[in-house]
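Values quoted throughout were computed directly from the atomic coordinates according to the rules given, and no laboratory measurement underlies them. Worth saying up front: this structure is predicted, and the values here are computed from it rather than measured. Glycine gets a Cβ as well: all are built from the backbone with ideal geometry, and neighbour counts include every protein chain shown.
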Amino acid sequence: MKATSRTVDGVEIISLQGKITIGAGDSQLREVISNAVNNGKNKILLDMSQVTTIDSSGIGELVGSYTTVTNRGGKLKLLHLPAKLNELLHVTQLITVFEVHENEQEAVSSF
Amino acid sequence: MERGDSERIEITISSRFENIELVQVIAEHLCENAGVDEDGSHWIGMAVREAVANAIKHGNKLDVKKKVHAQFDLHGLELVIRICDEGEGFDPSKVSDPLNPQNLMKTSGRGIFYMRTFMDEVHYTFEPGGGTSLVMTKNLAKGTGIASSNG
């Protein structure tokens with residue numbers, strides 16, 4: 001998994017690319033979020049459009065990331081969910097937890 | 001491959017996460033060759049991914065000397081997948097329901113749920129000499145999207 005970050009109007013937009021699966025991306029996601037939070041970022045928007053594969057471990061890390069940011073008083077939201085990831089969040093009812101956006105500017109404005 | 005044919009594919013891997021995709025790809029190709037569409041093949045492949053990941057992590061506890069055996073049997077339109085590890089076994093009934101609101105924010109415990117969502121039947125058996133066998137079945141004629149019943 002690769003992650004690239006940029007800041008727009010105080011919102012840290014982190015674009016994730018590749019696999020978020022057990023042993024290949026799940027721990028990297030944890031590290032990316034941890035680093036962002038430790039650097040004082042508390043408005044985080046994860047752009048998921050380039051995520052090619054995710055499994056239950058990756059889903060678990062998304063949940064853990066949400067908890068990490070929320071516990072620090074911040075907000076974590078999702079942008080551009082691929083269809084299959086969207087379905088995985090729906091069947092586990094996690095779609096009720098995450099705020100999901102399809103438009104970057106609207107997402108940034110929502111923080 | 002024509003529908004109605006029988007096919008058996010077997011593969012044995014060492015307990016490394018990077019081998020999971022090998023087994024997943026076999027499952028997806030087998031499904032596609034049987035006429036299953038891309039999405040349906042993907043979900044079955046994901047069930048296999050979760051099963052193999054559990055076998056490596058919870059069954060064999062990442063011991064690379066221990067193997068995971070995968071067997072795919074396609075009889076007409078019925079796909080039977082068996083994933084066996086060489087570990088000490090575990091009780092799947094102790095895995096909490098991820099849909100329970102109390103468990104919603106847990107970071108683990110969704111693998112078996114996804115298997116049951118994507119496949120028609122999921123059964124565990126425990127071998128007398130150790131090891132867990134997971135058998136998953138899917139009737140490819142019933143459609144292969146996300147199941148409406150999560151069993």
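Looking only at segment A:49-75, count every residue that is assigned to a strand (DSSP E or B) and surrounded by 22 or more Cβ atoms within 10 Å (Cβ to Cβ) and tell me the total.
Residues flagged as assigned to a strand (DSSP E or B) and surrounded by 22 or more Cβ atoms within 10 Å (Cβ to Cβ) within segment A:49-75 amount to 2.
Considering only segment B:27-57, how many residues are among the β-branched types (Val, Ile, Thr), more than 10 Å from chain A (Cβ to nearest Cβ) and within 12 Å of the chain's Cα centre (by Cα)?
Of the residues in that region, 2 qualify.
Does B:ASN60 meet the test of being under 16 Å from the mean Cα position of the chain (by Cα), more than 10 Å from chain A (Cβ to nearest Cβ) and closer than 25 Å to B:ILE13 by Cα?
Taking the combined requirement at face value, the residue satisfies it.
Considering only segment B:49-66, state which residues are over 21 Å from A:ILE54 (Cβ atoms) and crowded, with 18+ Cβ neighbours inside 10 Å.
Across segment B:49-66, the qualifying residues are B:GLY59, B:ASN60, B:LYS66.
Mind listing just one residue for me: the one in segment A:4-47 that is part of a strand (DSSP E or B) and touching a helix residue (DSSP H, G or I) at 6+ places or on another chain (Cβ under 6 Å) and, of those, surrounded by the fewest Cβ atoms within 10 Å (Cβ to Cβ)?
A:VAL8
Among the charged types (D, E, K, R) and outside any loop (DSSP other than H, G, I, E, B) - does that describe any residue in segment B:55-71?
Yes - at least one qualifying residue is present in segment B:55-71.
Does at least one position in segment B:65-79 carry a residue that is free of Cβ contacts under 8 Å to residues at least 60 places away in the same chain and closer than 21 Å to B:GLU121 by Cβ?
Yes, the conditions are met somewhere in segment B:65-79.
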